[in-house]
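The values are calculated or read from the model by the stated rules, or taken from the named source; none is laboratory data. None of these values were measured; they are calculated from a predicted model. We place every Cβ from the backbone using ideal geometry, glycine too, and count neighbours over all the protein chains shown. For the accessible areas, the whole protein counts, side chains as well, though only heavy atoms, and no ligand, DNA or RNA atoms are used. Shrake-Rupley method; radii C 1.70, N 1.55, O 1.52, S 1.80 Å.
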Amino acid sequence: MKTFSKFFFTTFLVTMLLSSYQNYSQTVPAPQVPISTPTDLDVGTIDSGAATVTVMDEAVLFYNPATSGPSITLTASVDDGEGNVFDSYQWYLVTADGTENTVTGQTTANLTLSGLAPGYHKYRIYGLLDNEGGTVTCQSEEYQDIILFVLPPLEVETTVNLNGNPLGYCANDIPDVPINLSVTNLTADYSASTNGYENPLGNDFEVTYSWFAVLEGGTANPIDLGTTTDNYDISITDAGSYTFYVEVEYVVKTDDGSRDYITYAGDVIDGSGDPLEITVTPIPGAPTITIGGITD
């Protein structure tokens with residue numbers, strides 16, 4: 001550990017960090033595709049010199065647009081595990097190129113973050129000790145990082161394959177090769193991210209699918225089509241005109257159902273850019289016969 005006067009603390013610390021950059025730099029988070037667990041996102045804590053993280057499920061956060069991102073409090077240990085109790089701390093935001101950006105004014109064990117943008121965030125902490133006279137401060141040479149990931153909003157893109165069918169059929173005559181709806185792309189929005197990390201694509205995430213039909217514009221009561229794959233063959237037999245949409249949710253982090261902002265919907269659009277509308281025509285009953293005018 002290094003000992004030095006508080007008077008020169010700031011200048012020396014900057015110099016030390018610049019000169020030791022190569023020793024302290026680590027690889028950036030490396031997500032493993034497909035992403036279905038926090039382990040796949042490479043999030044959690046990692047000590048200086050370590051090659052892998054200790055995974056923490058809580059390090060994966062939902063993005064709420066109403067709050068411009070989640071809030072979280074990070075808490076450092078009171079000692080180093082060897083009997084040295086820290087007097088203060090230095091927190092840094094570490095960008096993808098390894099640069100340590102000081103979190104200004106943050107010298108306590110707790111770091112509260114808010115409005116975190118979608119994507120990766122890495123924070124680093126050093127511990128500081130004062131001598132009894134308060135004239136000398138020692139900073140730890142080792143540090144610990146924590147890597148967080150905020151799940152980005154998803155844009156759901158769908159495709160319609162009519163398979164040669166018209167935009168409708170008789171209720172008792174579903175086409176042999178039915179009209180197919182499919183999710184063809186998930187686009188992740190990282191536009192607010194400024195940390196420089198290479199974030200995973202929307203299609204890199206495993207998601208769950210739920211398909212719905214809307215009868216005659218009745219959006220308050222959508223019809224669950226009971227399909228959980230990324231495509232759906234239209235097989236409705238009840239008469240009426242229907243539009244369709246699909247909902248997707250991340251698998252990597254479960255939810256108790258209280259967060260409506262983590263469900264991403266994609267309307268099914270036809271080739272002209274309008275909502276696809278399929279009409280199922282009812283099967284009419286038999287006509288009746290009456291006798292009209294008679295001439296013998």
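Have a look at G83, G49, G69 and point out the one that is farther than 29 Å from Q32 by Cβ and of a type in the set (G, A, S).
Values: G49 fails: farther than 29 Å from Q32 by Cβ; G69 fails: farther than 29 Å from Q32 by Cβ.
Answer to the selection: G83.
Within region 262-295, count every residue that is open to solvent by 60 Å² or more (accessible area, probe 1.4 Å), assigned to a loop (DSSP other than H, G, I, E, B), under 23 Å from S182 (Cβ atoms) and among the small types (G, A, S).
2
Which residue out of D189, D255, D204 is of a type in the set (D, E), in contact (Cβ under 8 Å) with a residue 60 or more places away in the chain, more than 30 Å from P282 (Cα to Cα) and open to solvent by less than 40 Å² (accessible area, probe 1.4 Å)?
On the way: D189 fails: open to solvent by less than 40 Å² (accessible area, probe 1.4 Å); D255 fails: open to solvent by less than 40 Å² (accessible area, probe 1.4 Å).
Unique residue meeting the criteria: D204.
Can you tell me which residue among Y250, Y232 is surrounded by 13 or more Cβ atoms within 10 Å (Cβ to Cβ), aromatic (F, W, Y) and without any contact (Cβ under 8 Å) to a residue 60 or more places away in the chain?
Values: Y250 fails: without any contact (Cβ under 8 Å) to a residue 60 or more places away in the chain.
Only one candidate passes the filter, namely Y232.
Every residue in region 152-191 that is part of a loop (DSSP other than H, G, I, E, B) and in contact with a strand residue (DSSP E or B) (Cβ under 8 Å, 6 or more places away or on another chain), please.
Filtering region 152-191 down to residues part of a loop (DSSP other than H, G, I, E, B) leaves 152-153, 162-167, 171-179, 189-191.
Selection gives P152, P153, N163, L167, A171, P175, P178, I179, D189, Y190.
Which one of these is part of a strand (DSSP E or B) and within 34 Å of the chain's Cα centre (by Cα): T137, T107, T112? Break it down stepwise before answering.
Values: T137 fails: within 34 Å of the chain's Cα centre (by Cα); T107 fails: part of a strand (DSSP E or B).
Of the residues listed, the single one that is part of a strand (DSSP E or B) and within 34 Å of the chain's Cα centre (by Cα) is T112.
Within the set of pairs 6 or more residues apart or between chains, which connect a residue that is touching a residue at least 40 places away in the same chain (Cβ under 8 Å) inside region 106-123 to a residue that is surrounded by 20 or more Cβ atoms within 10 Å (Cβ to Cβ) and part of a strand (DSSP E or B) with Cβ atoms less than 6 Å apart?
L116/V150; P118/V150; Y120/F149; H121/L148; K122/V94; K122/I147; Y123/I146
E142 fails exactly one of the following numbered conditions: (1) under 15 Å from the mean Cα position of the chain (by Cα); (2) open to solvent by 30 Å² or more (accessible area, probe 1.4 Å). What is the number of that condition?
Going through the list (1) under 15 Å from the mean Cα position of the chain (by Cα); (2) open to solvent by 30 Å² or more (accessible area, probe 1.4 Å), E142 breaks only (1).
Provide a single number: the residues in region 74-100 that are under 34 Å from the mean Cα position of the chain (by Cα), open to solvent by 60 Å² or more (accessible area, probe 1.4 Å) and not charged (D, E, K, R).
3
I'm checking my understanding of the structure. Among residues of region 237-261 that are assigned to a loop (DSSP other than H, G, I, E, B) and not β-branched (V, I, T), which one is nearest to P34 (Cα to Cα)? I'd like the intermediate steps shown before the answer.
Residues of region 237-261 that are assigned to a loop (DSSP other than H, G, I, E, B), as a first pass: 237-239, 251-259.
With not β-branched (V, I, T) added as a condition, the list becomes 238-239, 253, 255-259.
Details: D238: 38, A239: 40, K253: 14, D255: 20, D256: 23, G257: 24, S258: 26, R259: 24 Å.
So, considering only residues that are assigned to a loop (DSSP other than H, G, I, E, B) and not β-branched (V, I, T), the one nearest to P34 (Cα to Cα) is K253.
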